[in-house]
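Structure first, commentary second.
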Amino acid sequence: TMESTTLVLVKPDGVQKGIIGDIISRFERRGLKIIALKMLHLSRERAAIHYEEHQGKPFFDGLVDFITSGPIVAMVVKGNQAIKVVRTMMGTTNPVDALPGTIRGDYALTIGHNVIHGSDSELSAIREIKIYFDEKEINRLD
Ligand code: DAT
Ligand code: MG
């Protein structure tokens, strides 16, 4: 086994749709562990840090508008190959292509409102977790 930790966000549209619980349940049913969890409202500054890889792209301003448009839920998810497993459970970035049974495939229809974020690599996960959580907020026991 290869334990990893990843950052998951339920985006404002996911909170609005009332699917926080379903998303958490899917991860728990799969055997992944939630080791940190909070609801928050991102500032534009913090949103720009989160999405720094997309600065300068045509969709960047709309992405920041969207992710700051309402409360989000941030969590740290841990388990065997959690980064990859969460990405697979999320479905493709563009929900039009996402398979039924994935989170985006079940709940989203447009790329601008795709319900969930998950870190895409080990380096991204380490960087992104620090944007949302202090080390003392993460339950690293057992
Ligand atoms: P992901 O969220 O699957 O990691 P990403 O990192 O490429 O995808 O992009 C971050 C978010 O930006 C994505 O969830 C939705 C938005 N986005 C990406 N490409 C886009 C595009 N071509 N048009 C509009 N929004 C886009
Ligand atoms: Mg990404």
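The values are calculated or read from the model by the stated rules, or taken from the named source; none is laboratory data. Predicted model only: the values in this text are computed from it and were never measured. Here Cβ is always computed from backbone atoms with ideal geometry, including for glycine, and neighbour counts include all displayed protein chains. All accessible areas refer to the heavy atoms of the entire protein, side chains included, with ligands and DNA or RNA removed. Shrake-Rupley method; radii C 1.70, N 1.55, O 1.52, S 1.80 Å.
Here are a few things to note about the model shown:
- Amide H contacts of Leu32 (H built 1.01 Å from N, under 5 Å, at least 5 apart or other chain): none
- All-pairs Cα distance distribution in the range 3-142, expressed in whole percent, bin size 5 Å: 2, 10, 21, 25, 24, 13, 5, 1, 0
- Restricting the range 33-73 to chymotrypsin sites (Phe, Trp or Tyr not before Pro) that sit in a DSSP loop and have at most 14 other Cβ atoms within 10 Å of their own Cβ leaves Phe59.
- Pairs of lysine residues in the chain - Cα separation under 26 Å, sequence separation of 8 or more or cross-chain: 25
- Ranked order, Ile49, Ile131 - accessible area, probe 1.4 Å, largest first: Ile49, Ile131
- Once the 1.4 Å probe is applied to the protein heavy atoms, the chain comes out at 54 Å² accessible per residue.
- The chain, accessible surface, carbon-and-sulfur percent (1.4 angstrom probe): 55
- Net charge contributed by nearby residues that have their C-beta within less than 15 Å of Glu3 (K/R +1, D/E -1): +3
- Scaling the Cα radius of gyration of the range 1-68 by the globular reference 2.2 N^0.38 Å produces a ratio of 1.31.
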